[in-house]
Amino acid sequence: MLPGRLTSTIFAAYYYHYPMTRQKYFSLILILGTLTALGPFSIDMYLPGFPAIAQDLRTTVADVALSLSSFFIGISAGQLLYGPLLDRFGRKSPLYAGLFIYVLSSVACAFATSIDSLIVLRFIQAIGSCAAAVASVAMVRDLFPIEDNAKVFSLLMLVVGVSPMVAPTVGGYVTADFGWQMVFLILAAMGAAILVAVYFGLPESSSPDPTYSLKPKPILTNFFAVLKVPQFYTYAFSGAISFAGLLAYVSGSPLLFMEIFKVSEKQYGWIFAFLSIGLIGASQVNSILLKKYRSEQIILTALFCQALTALLFVIATNLGWLGLFETIAFIFVYLCCLGFTFPNASALSMRPFSKNAGSASALMGASQMGFGALATVLLSLFEARSAVPMTSLMLGSTLLALFILLLGRKAIPATKDQPEVEAPVGMLH
């Protein structure tokens with residue numbers, strides 16, 4: 001067998017110099033997109049069921065939201081686990097294991113009898129789903145030229161965008177007609193279908209690398225090597241903290257719309273679907289803008305607009321000026337800004353990496369979900385009957401992300417083509 005590094009190089013050369021057919025390209029984007037969308041589907045689809053879950057498990061909506069927090073924590077921690085596994089054993093074997101865990105835990109969630117058991121099972125479900133998230137990002141770096149990564153991430157956002165459009169709407173109808181337990185059974189079926197698609201339709205883009213150690217010290221050494229790259233920590237952390245604003249909205253939206261504005265489960269699903277159009281549409285406009293502007297220019301402009309929108313949202317909320325439709329309008333604009341921020345932050349974070357793209361992808365994903373988990377936990381501490389806590393977290397995360405971006409850009413080398421970062425010597429056995 002050829003060494004993993006040489007095999008990956010040959011594989012990449014084949015894809016770069018012998019362009020894949022349109023059908024193959026579409027197939028790869030679709031499968032990678034479904035992998036990326038598995039986590040968001042697991043989040044969005046059960047949101048309309050918060051009041052029903054609270055009633056059945058004899059708890060509060062705020063406590064049910066902790067099952068969302070545990071999911072984010074599981075994704076954050078799990079990505080640090082799968083990153084090294086993807087670099088050591090290739091992309092597909094760890095992915096199979098993660099999807100299998102996801103299917104089993106999703107079925108178990110449907111039979112949870114207490115909020116504590118649901119919180120734990122959601123954590124395990126997240127451990128399974130994050131294998132899909134890490135593998136999909138790493139495989140984008142494996143399968144496509146660096147200069148195309150931002151465009152590919154924008155296309156993945158289009159597939160991922162099906163989640164906030166379809167998941168809460170379907171979840172609302174399923175919960176209303178069949179109960180919230182059926183939502184988790186549907187998620188289990190989705191995980192099984194994706195597992196089959198990965199087996200038959202996705203190539204192994206990085207062969208196992210026996211030189212990659214799974215001992216704690218070299219793994220940590222590799223993670224620190226990635227974290228020391230200015231391009232990575234600037235865009236990964238600014239993107240992740242900005243992403244926390246999105247998760248603050250996701251976590252707070254059931255309380256905001258169903259408890260404060262008194263919309264039904266089905267109406268909530270349609271509102272959530274409508275708002276997702278801003279995120280999806282902006283990510284596709286981003287693909288067009290990339291023909292004329294660099295990712296660095298787009299993300300800076302988007303974060304400025306996002307901060308301004310969040311500031312006005314907080315002010316208007318505190319003054320009591322906003323009804324249901326005005327609140328929807330502000331969130332829509334905020335999500336539009338995120339549609340430009342997220343794909344460019346992802347592409348710029350991964351740009352310096354090749355050999356240890358799995359670890360870089362894991363760190364980026366872990367930071368996104370780690371900050372998101374923190375935002376949802378903070379939000380659950382408030383028993384507020386207004387949008388103030390949610391909007392304040394959206395503003396705070398955006399301002400911090402903008403500060404990190406402005407500060408970190410000064411440390412990034414001015415050269416356009418930066419050298420790729422390889423695994424340090426400590427990664428060898």
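Quick notes on this structure:
The rows are residues; the columns are (1) farther than 28 Å from Val170 by Cβ; (2) under 22 Å from the mean Cα position of the chain (by Cα).
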site: Lys217; (1), (2): yes, no
site: Gly239; (1), (2): yes, yes
site: Leu246; (1), (2): no, yes
site: Ser253; (1), (2): no, yes
site: Met258; (1), (2): no, no
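- Residue that is farthest from Asp177 (Cα to Cα), among those in segment 282-295 that are open to solvent by 30 Å² or more (accessible area, probe 1.4 Å), part of a helix (DSSP H, G or I) and not polar (S, T, N, Q): Leu289
Residue-wise test of (1) of a type outside the set (Asp, Glu); (2) out of contact with any helix residue (DSSP H, G or I) (no Cβ under 9 Å at 6 or more places or on another chain); (3) surrounded by 22 or more Cβ atoms within 10 Å (Cβ to Cβ).
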residue	(1), (2), (3)
Ser238	yes, no, yes
Ile241	yes, no, yes
Pro254	yes, no, yes
Glu259	no, no, no
Glu265	no, no, yes
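- Criterion: touching a Pro at 6+ places or on another chain (Cβ under 6 Å), farther than 27 Å from Asp209 by Cα and hydroxyl-bearing (Ser, Thr, Tyr) - qualifying residue of Ser106, Ser154: Ser154
- Looking only at residues of segment 7-30 that are outside any helix (DSSP H, G or I) and of a type outside the set (Ser, Thr, Tyr), we find that the one that is modelled with the lowest pLDDT is Pro19.
- Of the residues making up segment 97-109, at least one is over 18 Å from the mean Cα position of the chain (by Cα), free of Cβ contacts under 8 Å to residues at least 40 places away in the same chain and open to solvent by less than 10 Å² (accessible area, probe 1.4 Å).
- Residues of segment 363-384 satisfying the condition of being at pLDDT 85 or above and touching a Leu at 6+ places or on another chain (Cβ under 6 Å): Ala375
- Scope segment 208-236; condition open to solvent by less than 20 Å² (accessible area, probe 1.4 Å) and in contact with a Gly (Cβ under 6 Å, 6 or more places away or on another chain); matching residues: Asp209, Pro218, Thr234
- Leu86 being open to solvent by less than 40 Å² (accessible area, probe 1.4 Å), in contact with a Gly (Cβ under 7 Å, 6 or more places away or on another chain) and modelled with pLDDT under 85: yes
- Highlighted here are the helices (runs of 4 or more DSSP H) found entirely within segment 31-111 that include at least 2 residues which are β-branched (Val, Ile, Thr): 61-89, 92-110.
- Unique residue being open to solvent by 20 Å² or more (accessible area, probe 1.4 Å) and in contact with a Cys (Cβ under 7 Å, 6 or more places away or on another chain) when the list is Cys336, Cys305: Cys305
- Check on Phe123, more than 23 Å from Ala52 (Cβ to Cβ), surrounded by fewer than 24 Cβ atoms within 10 Å (Cβ to Cβ), more than 14 Å from the chain's Cα centre (by Cα) and among the aromatic types (Phe, Trp, Tyr): no
- The residue that is modelled with the lowest pLDDT, among those in segment 158-191 that are open to solvent by less than 40 Å² (accessible area, probe 1.4 Å) and of a type in the set (Gly, Ala, Ser), is Gly161.
- Yes/no for Leu195 being open to solvent by 10 Å² or more (accessible area, probe 1.4 Å) and either out of contact with any strand residue (DSSP E or B) (no Cβ under 9 Å at 6 or more places or on another chain) or among the hydroxyl-bearing types (Ser, Thr, Tyr) (or both): yes
- Gly128 vs. criteria closer than 25 Å to Phe274 by Cα, modelled with pLDDT of 80 or more and in a helix (DSSP H, G or I): no
The values are calculated or read from the model by the stated rules, or taken from the named source; none is laboratory data. Note that this is a predicted model, so its numbers are computed, not measured. Counting neighbours? That spans all protein chains shown, and the Cβs are built from the backbone with ideal geometry, glycine included. For the accessible areas, the whole protein counts, side chains as well, though only heavy atoms, and no ligand, DNA or RNA atoms are used. Shrake-Rupley method; radii C 1.70, N 1.55, O 1.52, S 1.80 Å.
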